[in-house]
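Trainee: Here's a structure for you.
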Amino acid sequence: MAASEEPTRSDPGRPMPPSNGPDLPPPDSQSLLRSLRMRLDELEKENERLRSRLFNCRCSKAEDAAIRPIAAASLDETIRGAKRCEEIHATKVSEHSQSFSSDHLLNSSINSVEVKTQTVGLFPGNSSDCGERETSCTSRIINRCSKRYIALKIMYFSQRFYGFASEAQMEPTVESEIFKALERTKLLVGNKEESRYSRCGRTDKGVSSTGQVISLYLRSNLKDIGGNSTERKNSASEEKCEIDYVRVLNRVLPKDIRVIGWCPVPADFHARFGCLSREYRYFFWKRNLDILKMQEAAAKFIGEHDFRNFCKMDAANVSNYRRKITNFNISSCNERSNDDELWAVTIKGSAFLWHQVRCMIAVLFMIVDALLDTSKTPRKPQYNMAPELPLVLRSCEFENISFTCSLEASKAVTEHLRSEYHNYMLQAAIHNEALGCLCSPDNSSPEPDRKNRGHIPLLLRQTEPSYEERLAKFNAKGIRRRSSVSSSGNV
């Protein structure tokens, strides 16, 4: 072969032996031995490090107990094999110096370690990535635990939360706090997707609830319960052995979130699409409002209507804006403060659009008839929604779902809410005391009424684009509709 030619490699995955040439002396055998010993020392240190991580990693303490002796023996065998290579090389280093380099022996030893450890399933992929191994082992262990599909009834006070759902990438949310509690109590089976999680509805920032419902797989004390809890009826003694989900979760949840009940549900249950109706309640102070006229206007909402003028329109995802309202009631709460009376609007329907409840409350004193007739008013006039703080998702109705709560857990929730109520009453008393320290305003010369100053009638205000105009704009931009109908949006 000519000196200028590059030697061909028959096996691209195998290192080429060094080419010393006819005029070069053979490599120093002592230097080669020292290099090999140094690399073997490094390999032994790596063995000890991996062994330490294997025995100390928490994911190995349960499922990998039977694998650890095999792993340790395999690693020891690898080191012994490498040492035998050293002994053989010490006796025959001179005659093999031109055939194999120390790098080749080192690569063979390291490759042997990787092959053996991967064979016993300890370090898939990158052998130093214990996080991936831990996740894989934890997932396998949890999936072998007994589990059951249940529904949880949630109460929360949402003043400090960025809504219920966590998709908005704003923290904290009610949903994110619930999943933190599930992970902390080790009740969660797999991740959020693997647990088949569903929620009844999404509430906006500041909107509270006394009856939100979610469903997901959670760990269970009962054996062979399966995914469908209706396949067999559990005895009373068996149910007494079940995890007290309410008590366990409420111990770690923040004080403004409480689980108030749980229920086993069928495997095909869905908290959103299985909901028969949702009920909201909106609190307000009466002041000088005409309750009779409000009740007359509220009656017009009852029935099935096109509510596109009473929501935040999402033309890209929603095409059907017809919703059915079954109850719209205005009643007194029998609470008085500072010569004013607290009232509440109760609204019940099968499903609601995005911001629908707050929009209906906002225009309750305006022209309801014209906005319900979308043929005459295809564009929504611009108006401010009602504030979110007084709005509460009161309840969600399902068929054949009865939530239960142990006596101990129910007592703890009751005492917690009473304590919170008393704290807020103390704060109210402090604010009332502060009002008493102010000088009373002089009512002898009343100021002109500012309420109607600059007021523009609703139908004379600027309007938003219609649904058809919004849809045409989205289509022009090439934005696809993700879903044709939204059963329950943010309110």
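Trainee: Identify, by number, the condition in (1) under 23 Å from ARG196 (Cβ atoms); (2) outside any strand (DSSP E or B); (3) assigned by the TED database to the domain that holds GLN212 that LYS255 doesn't meet.
Mentor: (1) is the only condition that LYS255 fails.
Trainee: Considering only residues of region 366-396 that are under 22 Å from ALA299 (Cβ atoms) and among the acidic types (Asp, Glu), which is surrounded by the fewest Cβ atoms within 10 Å (Cβ to Cβ)?
Mentor: Across region 366-396, the extreme among qualifying residues is ASP369.
Trainee: Any idea how many residues of region 334-350 are more than 13 Å from TYR282 (Cβ to Cβ), small (Gly, Ala, Ser) and touching a strand residue (DSSP E or B) at 6+ places or on another chain (Cβ under 6 Å)? Walk me through it before giving the result.
Mentor: Step one: of region 334-350, the residues more than 13 Å from TYR282 (Cβ to Cβ) are 334-341, 349-350.
Still in the running and small (Gly, Ala, Ser): 337, 349-350.
Filter once more, keeping what is touching a strand residue (DSSP E or B) at 6+ places or on another chain (Cβ under 6 Å): 349-350.
Of the residues in region 334-350, 2 are more than 13 Å from TYR282 (Cβ to Cβ), small (Gly, Ala, Ser) and touching a strand residue (DSSP E or B) at 6+ places or on another chain (Cβ under 6 Å).
Trainee: Moving on to the next point. With the structure loaded, tell me whether ASN317 is surrounded by fewer than 19 Cβ atoms within 10 Å (Cβ to Cβ) and touching a helix residue (DSSP H, G or I) at 6+ places or on another chain (Cβ under 8 Å) or whether it fails that test. Don't jump to the end; show me each part of the working.
Mentor: Details: surrounded by fewer than 19 Cβ atoms within 10 Å (Cβ to Cβ): yes; touching a helix residue (DSSP H, G or I) at 6+ places or on another chain (Cβ under 8 Å): no.
No: the conditions fail for ASN317.
Trainee: Only one of CYS359, CYS405 is closer than 30 Å to ARG251 by Cβ, open to solvent by less than 80 Å² (accessible area, probe 1.4 Å) and not aliphatic (A, V, I, L, M). Can you tell me which? Don't jump to the end; show me each part of the working.
Mentor: Values: CYS359 fails: closer than 30 Å to ARG251 by Cβ.
Going through CYS359, CYS405 in turn, just one is closer than 30 Å to ARG251 by Cβ, open to solvent by less than 80 Å² (accessible area, probe 1.4 Å) and not aliphatic (A, V, I, L, M): CYS405.
Trainee: Hey, another quick one. Residue check: is THR404 closer than 30 Å to ARG336 by Cβ, modelled with pLDDT of 90 or more and outside the structural domain of LYS153 (by the TED database)? Reasoning before the result, please.
Mentor: Details: closer than 30 Å to ARG336 by Cβ: no; modelled with pLDDT of 90 or more: yes; outside the structural domain of LYS153 (by the TED database): yes.
Answer is no for this residue.
Trainee: Considering only region 311-319, I want to know if a residue exists there that is touching a His at 6+ places or on another chain (Cβ under 7 Å) and among the charged types (D, E, K, R).
Mentor: From region 311-319, those touching a His at 6+ places or on another chain (Cβ under 7 Å) are 311-312; that's our starting set.
Checking which are among the charged types (D, E, K, R) leaves us with 312.
Yes - at least one qualifying residue is present in region 311-319.
Trainee: I need the full set of residues from region 277-306 which are touching a residue at least 60 places away in the same chain (Cβ under 8 Å) and either open to solvent by less than 40 Å² (accessible area, probe 1.4 Å) or in contact with a Phe, Trp or Tyr (Cβ under 6 Å, 6 or more places away or on another chain) (or both), in order please.
Mentor: Residues satisfying the conditions are SER277, ARG278, GLU279, TYR280, TYR282, PHE284, MET294, ALA297, ALA298, PHE301, ASP306.
Trainee: OK, next. Inside region 189-209, can you point out the residues that are out of contact with any Ser or Thr (no Cβ under 6 Å at 6 or more places or on another chain) and farther than 14 Å from ARG394 by Cα?
Mentor: GLY190, ASN191, LYS192, GLU193, GLU194, SER195, ARG196, TYR197, ARG199, ASP204, LYS205
Trainee: If we keep just the residues of region 230-249 that are open to solvent by 20 Å² or more (accessible area, probe 1.4 Å) and of a type outside the set (D, E, K, R), which is modelled with the lowest pLDDT?
Mentor: Initially, region 230-249 is screened for residues open to solvent by 20 Å² or more (accessible area, probe 1.4 Å), giving 230-241, 243-244, 247-248.
Restricting the remaining residues to those that are of a type outside the set (D, E, K, R) gives 230, 234-237, 241, 243, 248.
Working: THR230: 46, ASN234: 61, SER235: 61, ALA236: 65, SER237: 65, CYS241: 85, ILE243: 93, VAL248: 96.
So, considering only residues that are open to solvent by 20 Å² or more (accessible area, probe 1.4 Å) and of a type outside the set (D, E, K, R), the one modelled with the lowest pLDDT is THR230.
The values are calculated or read from the model by the stated rules, or taken from the named source; none is laboratory data. Bear in mind the structure is a predicted one, so any value in this text is a computation, not a measurement. Don't worry about glycine lacking a Cβ; one is built from the backbone with ideal geometry, like all the others, and counts go over all protein chains shown. Each accessible area value is taken on the protein alone, full model and side chains, heavy atoms only, with ligands, DNA and RNA left out. Shrake-Rupley method; radii C 1.70, N 1.55, O 1.52, S 1.80 Å.
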